[in-house]
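One structure is given below, encoded as structure tokens.
Nothing in this text is a laboratory measurement; each read-out follows from the coordinates by a stated rule. Everything quoted here is computed from the prediction, not taken from an experiment. Here the Cβ positions follow ideal geometry from the backbone for every residue, glycine too, while neighbour counts run over all protein chains shown.
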Amino acid sequence: MRLRFFADHCIPNFIVQALRGAGCEVLRLRDYIPPDSADLVVISKAQELDAVLISLNGDFADIVTYPPAYYKGIIALQVRNHPEIIIPLISRLKGYLSACSDMDHYKGKLLLVEVHRIRVR
């Protein structure tokens, strides 16, 4: 099964296209629920769609509010108001995805994607 992502409303088209170009299936939030949906609705929809949530929203990196063990996977892109790092950040993520292309690998994990590393919790 190829990787399936549910892209939060804050994920730009560039990232969606980069992931699709890497062979991933990317479902956009706006095609399923209103863009202003609460975070709990967003992550619930990702679970319903059997997808890993990918977001720029720092709230999803909070392991107390969103314990990774309860979800099919969360990828939190750590841009921190520096949009110039998006290209190298996505390059790092794509390398990781090609090495770990099984959906089961992401279940119960939070990936914090930074330019120089990916932290897995």
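Below is a table of values for the structure above.
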{"quantity": "Fewest-first ranking of Val41, Val64, using other Cβ atoms within 10 Å as the exposure measure", "calculated": "Val64, Val41"}
{"quantity": "Three-way shape call for the chain based on the alpha-carbon gyration tensor, with the a/c threshold at 1.5", "calculated": "rounded"}
{"quantity": "Theoretical ellipticity at 222 nm over the chain - DSSP helices of four or more residues, -39500 (n - 2.57) apiece, nearest 500", "calculated": "-8500 deg cm²/dmol"}
{"quantity": "Chain lengthening between Ile33 and Arg117 when straightened (0.36 nm per residue, less Cα-Cα)", "calculated": "27.1 nm"}
{"quantity": "Distance in nm between pseudo-label sites at Arg20 and Asp50 (7 Å out along the Cβ direction from Cα)", "calculated": "2.2 nm"}
{"quantity": "For Gly73, residues with placed amide H under 5 Å, excluding near neighbours", "calculated": "Leu53, Gly108, Lys109"}
{"quantity": "Counted charge near Ala61, where neighbours are those whose Cβ lies closer than 15 Å (Asp, Glu -1; Lys, Arg +1)", "calculated": "0"}
{"quantity": "FRET efficiency, Ser91 to His9 (Cβ-Cβ, R0 25 Å, nearest 0.05)", "calculated": "0.60"}
{"quantity": "Under-5 Å amide H pairs with Leu3, H placed in peptide plane, nonlocal only", "calculated": "Glu25"}
{"quantity": "The stretch 105-110 - phi-based ³J(HN,Hα) in whole Hz, Karplus 6.51/-1.76/1.60, Gly and Pro as x", "calculated": "4, 8, 4, x, 10, 10"}
{"quantity": "Residue among Leu110, Leu93, Leu40 with the largest mean-square fluctuation in a Gaussian network model of the chain, springs linking Cα atoms under 10 Å", "calculated": "Leu40"}
